[in-house]
Amino acid sequence: GQSLEQPSEVTAVEGAIVQINCTYQTSGFYGLSWYQQHDGGAPTFLSYNALDGLEETGRFSSFLSRSDSYGYLLLQELQMKDSASYFCAVKGGATNKLIFGTGTLLAVQP
Amino acid sequence: GAVVSQHPSRVICKSGTSVKIECRSLDFQATTMFWYRQFPKKSLMLMATSNEGSKATYEQGVEKDKFLINHASLTLSTLTVTSAHPEDSSFYICSAPRAGDEQFFGPGTRLTVL
């Protein structure tokens, strides 16, 4: 089977930096993605790591260590609009289906 | 960017009725689409892979006779919840991958079964 574990909730203040961790167990590995979902909305793609290391996209960065089966999403200069749920996800094989992590609810406070 | 639409966005039905949800890729063709279900404050759970021109592939524990999937064309997949019951109330989301690219998600359909 496959499982991806994340902290259930994280709270931070505006302007701060927050890291959301993801540990995974998969039968195969085709890369780790991160998605943001606001309440009642669709998931939107944030970042993707196929190889070890850090990927930076504006205020968001994502890191992957395949040897540790671990990755994280780093959000910098937090804004109120970043309050949302964040999910890591792995591709479940060559079919492109995504297996999502347990999700982290981020609350950004003034 | 690519757009995936879903219809309806919200539906309320009586227990025992069937509900059809449509998922369309608006500006690209998708031979494969995916259907997810999400309960409040929970993660997205993959239900099935919709394959154009062939049978859907269901994840373990998902009843194929209850959740009928039809991939009628390269831009349309439908999910029919048959004989819906209150426990089927959930947020249903489809997605479609564009070749060599990320997946694009529909806006979701909130189903409430009374």
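Could you please tell me which pairs satisfy a Cβ distance under 8 Å, a separation of 6+ or placement on different chains, a first residue in segment B:103-114 that is closer than 21 Å to A:PHE100 by Cα and at the interface with chain A (Cβ under 7 Å from one of its Cβ atoms), and a second residue that is of a type in the set (Ser, Thr, Tyr) and part of a strand (DSSP E or B)?
Going by the 8 Å Cβ cut-off, the qualifying pairs are B:GLN103/B:SER95; B:PHE105/A:THR44; B:PHE105/B:SER95; B:GLY106/B:SER5; B:GLY106/B:SER95; B:PRO107/B:SER5; B:GLY108/B:TYR92.
Considering each of B:VAL62, B:VAL81 in turn, give the residue that is in contact with a helix residue (DSSP H, G or I) (Cβ under 6 Å, 6 or more places away or on another chain) and either under 28 Å from A:GLY1 (Cα atoms) or modelled with pLDDT of 95 or more (or both). Walk me through it before giving the result.
Details: B:VAL62 fails: in contact with a helix residue (DSSP H, G or I) (Cβ under 6 Å, 6 or more places away or on another chain).
Unique residue meeting the criteria: B:VAL81.
Only one of these is in contact (Cβ under 8 Å) with a residue 60 or more places away in the chain and within 14 Å of chain B (Cβ to nearest Cβ): A:LEU46, A:LEU78, A:LEU106, A:LEU32. Name it. It would help to see each step written out before you state the result.
Working: A:LEU46 fails: in contact (Cβ under 8 Å) with a residue 60 or more places away in the chain; A:LEU78 fails: within 14 Å of chain B (Cβ to nearest Cβ); A:LEU32 fails: in contact (Cβ under 8 Å) with a residue 60 or more places away in the chain.
Residue meeting the stated conditions: A:LEU106.
Identify, by number, the condition in (1) without any contact (Cβ under 8 Å) to a residue 60 or more places away in the chain; (2) over 19 Å from B:PHE34 (Cα atoms); (3) within 10 Å of another protein chain (Cβ to nearest Cβ); (4) crowded, with 19+ Cβ neighbours inside 10 Å that A:LEU64 doesn't meet.
Going through the list (1) without any contact (Cβ under 8 Å) to a residue 60 or more places away in the chain; (2) over 19 Å from B:PHE34 (Cα atoms); (3) within 10 Å of another protein chain (Cβ to nearest Cβ); (4) crowded, with 19+ Cβ neighbours inside 10 Å, A:LEU64 breaks only (3).
Can you find a residue in segment B:25-32 that is within 17 Å of A:LEU98 (Cα to Cα) and assigned to a strand (DSSP E or B)?
The answer is yes, given that some residue of segment B:25-32 is within 17 Å of A:LEU98 (Cα to Cα) and assigned to a strand (DSSP E or B).
In segment A:89-103, what residues are at the interface with chain B (Cβ under 10 Å from one of its Cβ atoms), modelled with pLDDT of 85 or more and in a strand (DSSP E or B)?
Within segment A:89-103, A:ALA89, A:LEU98, A:ILE99, A:PHE100 qualify.
For segment B:78-102, give me each residue that is away from every other protein chain (no Cβ under 11 Å), over 17 Å from B:GLU22 (Cα atoms) and small (Gly, Ala, Ser).
Listed by number, the list holds a single entry, B:SER83.
The values are calculated or read from the model by the stated rules, or taken from the named source; none is laboratory data. Just so it is clear, the structure is predicted and the values come from calculations on it, not from any experiment. Heads up, the Cβs are rebuilt from the backbone with ideal geometry, glycines too, and the neighbour counts pull from every protein chain shown.
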